[in-house]
Structures are given as structure tokens and as C-alpha cells.
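Worksheet: one structure, shown below.
The values are calculated or read from the model by the stated rules, or taken from the named source; none is laboratory data. Values in this document were obtained by computation on a predicted structure and should not be read as measured data. All Cβ positions, even for glycine, are placed from backbone atoms using ideal geometry, and neighbour counts span all protein chains on display. Keep in mind that these areas ignore ligands, DNA and RNA; they rest on the heavy atoms of the full protein, side chains included. Shrake-Rupley method; radii C 1.70, N 1.55, O 1.52, S 1.80 Å.
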Amino acid sequence: MIHLKSVDLKKEKIESLVIPVCEDKNIFEDNIIISLIKEAKKIKEFKGGKDDELVFYNLTEVRAERVIFIGLGKFEKIDIETFRAAAGKAVKESIKKKLSNVLIAVPSAKKINMEMTSLLAAMLEGSYLGNHVFDKYKKEKKHTPVKKINFLVTPEETRKYSRLSSRIKTICQGTILAREWVSTPSNDKRPEHFSRSIVSLARKANLKVTVLGEKELKQKKFGAILAVAAGSESNPRLVVLEHHPKGSKKTVVLVGKGVTFDSGGINLKSSAGLTEMKLDMSGAASVAATLITAAELKSKLRVVGILPIVENMVSGNASRPGDIIKTYDGKTVEIGNTDAEGRLILIDAISYGIKKYKPRILIDMATLTGACIVALGEKIAGTFSFDDKLAEDIILSGQKTHERCWRLPMPEEYKELLKSDFADLNNMSSTHYGGAITAALFLSEFVKDTRWAHIDIAGPAYAKKESAYCGAGGTGFGVRLLCDVLDKL
Ligand code: BES
Ligand code: ZN
Ligand code: ZN
């Protein structure tokens, strides 16, 4: 449970008080906190530098069993993310110390030149997300989430920001849901299983749910999805989630890549490439979690989530390099490489979304290319769009949520690289260079004149190591981003 709370530090007994400390400036208004920081800075080892930490026990000034000081670093380097991370660290530290009740001091927004709404939102996010522990598969549960986290604010602020607080809670629950789906091993989320899990949670959130199974996919000629699924014992699904509030005028379609395991198919990945390929359904996880969140937040927009869910495996029935398939759209594609499967399932889902829902905007999210990680590293998503306004909206939401997006170009002449001698297109570029771009250009052949953006999350969807407010595994990247983008459309 996370709450905003006003507390009399002299009177109320507290298990643990956390104070974020800036190295070279006072950022608090509360005199008790200011004097505690002064005491802390008398200790030689603690300056308030980034990641410095100090604990005082049983002070007389406040009725806290312990006061934990967390260094933020120099004032000029501090931004909103500093506070998101500090709140995350405060909670993670408390989990390690096996505390069950934590009070976190909130700095004065004025003193750090920020809006109180953004500051509180960031700190709430950091604490919710930092309190998530994925230990379902461990017999011995070493880390228990903190039971009660409170943020120290004035009584007026408690009232003023209570709606903000519940909104952030809903969005973080969505992010955690996506994280858990991604971290779940592929043996426990094969397509039937993963889609069942999505359907049951979506129904609870009052979304309209439609699932196309293998038979319907064959009847409706989803040739690309079927070609990717052909090598797996597990049947493909196309899950459609719809949030349709009364009076909504605009429709936004979100498409998410749902490859529950990507072996590469006949173009089998190397051993190194195979590890972590359970992450390849992260786009679908984030889109499904966003739909559930949008429904819970009662978004005014009509939002439709389309999730092609398959397993890309090797078998006697698997698609072969050189095979030519007919897509849902009617175009033919030569499968130059069976490991470029994401773009295949996406084009069928995109074509279906455009045909059926005629959306004002379509955004797809996918762990699409290793090349995007080469270009932007593991923390930043590649963003592609012909529409400057849509690209700008996504990039600004990325800055706000710290789910960072960087726009990459889609030069017309690179389309040459996707030509096939025998089919309308090849799913594999004729060069190794610019792989994230050629993948985006491949998708662009199916979006017609719809306002469209593609977000390649191959890097940031998964974390090898834990960080301030995220454990190792699925990061839930995209849920906070998409919720913020939807808010603007
Ligand atoms: N799922 C991968 C992309 C990926 C790689 C995601 C690493 C996360 C981490 C995708 O299906 C893939 O294999 N792409 C190929 C495309 C190539 C065959 C044109 C790639 O990136 O090498
Ligand atoms: Zn692949
Ligand atoms: Zn893939």
C-alpha cells in the first residue's frame, strides 16, 4: 500500500524515515528535515553525493527507529528521473533491510524548480515499481515487498494529489503486469496459455475480447502469422482487446509483437542469441497491459489492442528460407530469413487493424531487431514515423516517463533493399546494415495512409541487471509511455 500522508515527525512513531539529500543545496522546507540533514552532513563519509547512503538509529529529534539518507548528487544534475530513482532505491533498500513500513520525505518542488505533480508522480512511480519482486519461481522467498510506503506531504497535498496517486498506482500495476508476463519463462506462456492469461485479465477490466484461433486465422487468410507459427506444436492466436467508451470519436489501434519464444526458426539463432528470447512477446505484453490500464483509467478514447501471438520454432513443418507466403493484405512475401518473423506477424495484425477499425492512429510496439540495440543501446527505443507530430508526441512522452525514444529515419531509397526476385517483397534486407530501419520500412509497406508509428523496444524491454526501480527481467517498457501518449491523442 502506498499513500500520501501528513505525519507529525515529533509525535508519531515511525519504523523508518527516508530523506533524499542534495549535495550542494537545501531542497526542503520542513525544519525538522533540514536539521536532520545538517546532522547527517557532519558525518565525514556522507556528503549527499549520488548513491551515498547513511543510516541513523534512534534519534531523539524524531520518533523514527531509523533515518535513511539517500544522496542525490549535485543540484545542477538533478532531474525528475533522479527522484524516481531515489524513491525506487529507498524502497529497494527497505526490502533488503526487511522493513515493512517506510515514510519517504518529499522535497519542496519550488526549491528544485519542478511541478509538484511531476515530482510526486515520479516518486510514486519509483516506489511502486521498485517494490515489485518477481520470485514466483523461487522456493525460498528472500525479498518481501514493503507493506506500507507513505510519502510525507502536507494535509492539503494529501487531498489535492489523491487522484494523481491512484492514477499512478493503476499505471504501475499495468507496468508490473507486463514485467511479469515478460519474465515468465516460455514453457509457461506458450501461445494458448499467454493468450488465456491476457483474456482473463482483460475481461476483468471490462474490455471487449475477441480471439481468433488457428481455424479462423486459416479461414481469414492470415498467411504471415500462420507461416511463422507453422514450426510450433502450439497454435497461434490473434487476440483483440477493445476499450470502447460511449461517445468516443477517435480510434487508436495498438499492435504488439507476441512471439512467446524466438528460436529463429530454420535460420536458428546461435546459443548466445537464444538466451532471453522469452522476451520476444514484450510488445504484446505492453500493449495488453496498456489496454487494461486504459480501461481502468476510463480513457475517453476508443483504443483497440491487436496481439498476434505465436512461437517461432524449428520442426519438419517449419517455414523454410525461400518460401513465399500470401499475407492477409494480399501481397506476397519471400521469407529470406525465418528469424525476421516479427515483421511477418506484425504486417498481418496491422493490415487487419486498418481494415477492420479504420483507426485515426496506429502504433506498433515490438522487440523487432538486434540492429536497433546496436544503434541505440539497451535503454532507448527506436521510433519510426512519417508523421512528425506523432513522432514528437511519442518522444516527449518518452522524456516525461523516462521510457526514452529516439527517432530514426526511413529513407525511401532503402526500400530497394527489400525487393525480391519472385515475390512482392522480401522480409530480409539485402544488406546487414541499418537493420532497424529496413524492418520499419518493411512494416511501412502495409500501413497505407494511416498515421502510424513503430517503436522498436528490443533493447529496453528486458534488463539483464537490476537498476533503481526495476529488477532483472522484463521492464514493462512501453506501458507508461503508451498511457502518456494516449492521454494526448
Ligand atoms: N526477436 C529478434 C530481435 C531481438 C534481438 C530482440 C535481440 C531482442 C534482442 C528478431 O525476431 C530477430 O531475430 N531479428 C533479426 C532480424 C534479421 C534476421 C533480419 C535480427 O535482429 O538479427
Ligand atoms: Zn527473430
Ligand atoms: Zn523475434
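Among all residues of region 438-447, there is at least one that is of a type outside the set (Phe, Trp, Tyr) and open to solvent by 20 Å² or more (accessible area, probe 1.4 Å). Given the criteria assigned by TED's automatic domain parsing to the domain that holds residue 482 and within 16 Å of ligand 2 (Cβ to nearest atom), does residue 366 qualify? Yes, satisfied.
Being within 16 Å of ligand 1 (Cβ to nearest atom) and open to solvent by 10 Å² or more (accessible area, probe 1.4 Å) is the requirement here; does residue 370 meet it? Here the answer is yes, as residue 370 does meet what is asked. Within region 168-184, is even one residue among the small types (Gly, Ala, Ser) and over 16 Å from the mean Cα position of the chain (by Cα)? Within region 168-184, not a single residue is among the small types (Gly, Ala, Ser) and over 16 Å from the mean Cα position of the chain (by Cα). Taking the condition outside the structural domain of residue 400 (by TED's automatic domain parsing) and touching a Phe, Trp or Tyr at 6+ places or on another chain (Cβ under 8 Å), does residue 82 pass? No, not satisfied. Any idea how many residues of region 370-415 are more than 22 Å from residue 449 (Cβ to Cβ), part of a helix (DSSP H, G or I) and more than 16 Å from ligand 2 (Cβ to nearest atom)? So the count comes out to 9. Among the residues in region 144-165, are any open to solvent by less than 30 Å² (accessible area, probe 1.4 Å) and within 17 Å of the chain's Cα centre (by Cα)? No, region 144-165 contains no residue that is open to solvent by less than 30 Å² (accessible area, probe 1.4 Å) and within 17 Å of the chain's Cα centre (by Cα). Within region 274-297, the set of residues being in a helix (DSSP H, G or I), within 15 Å of ligand 2 (Cβ to nearest atom) and within 15 Å of residue 459 (Cβ to Cβ) comprises 277, 279, 280, 282, 283. Evaluation of residue 344 against the conditions (1) under 26 Å from the mean Cα position of the chain (by Cα); (2) in a loop (DSSP other than H, G, I, E, B); (3) crowded, with 24+ Cβ neighbours inside 10 Å shows that the sole unmet condition is (2).
The strands (runs of 3 or more DSSP E) found wholly in region 1-102 and carrying at least 2 residues that are closer than 30 Å to residue 173 by Cβ and open to solvent by less than 10 Å² (accessible area, probe 1.4 Å) occupy 14-22, 64-73. The set of residues in region 408-430 that are closer than 17 Å to residue 372 by Cα and open to solvent by less than 40 Å² (accessible area, probe 1.4 Å) comprises 408, 410, 411, 427, 429. In region 427-453, the residue that is nearest to residue 365 (Cα to Cα) out of those that are within 16 Å of ligand 3 (Cβ to nearest atom) and of a type in the set (S, T, N, Q) is 438. A residue that is hydrophobic (A, V, I, L, M, F, W, C) and open to solvent by 20 Å² or more (accessible area, probe 1.4 Å) occurs somewhere in region 111-119.
Would you confirm, using the coordinates I've provided, whether residue 82 is among the hydroxyl-bearing types (Ser, Thr, Tyr) and either touching a helix residue (DSSP H, G or I) at 6+ places or on another chain (Cβ under 7 Å) or touching a residue at least 12 places away in the same chain (Cβ under 8 Å) (or both)? Answer is no for this residue. Of everything in region 272-302 that is of a type in the set (Val, Ile, Thr) and buried (at least 24 other Cβ atoms within 10 Å of the Cβ), the residue that is nearest to ligand 3 (Cβ to nearest atom) is 287.
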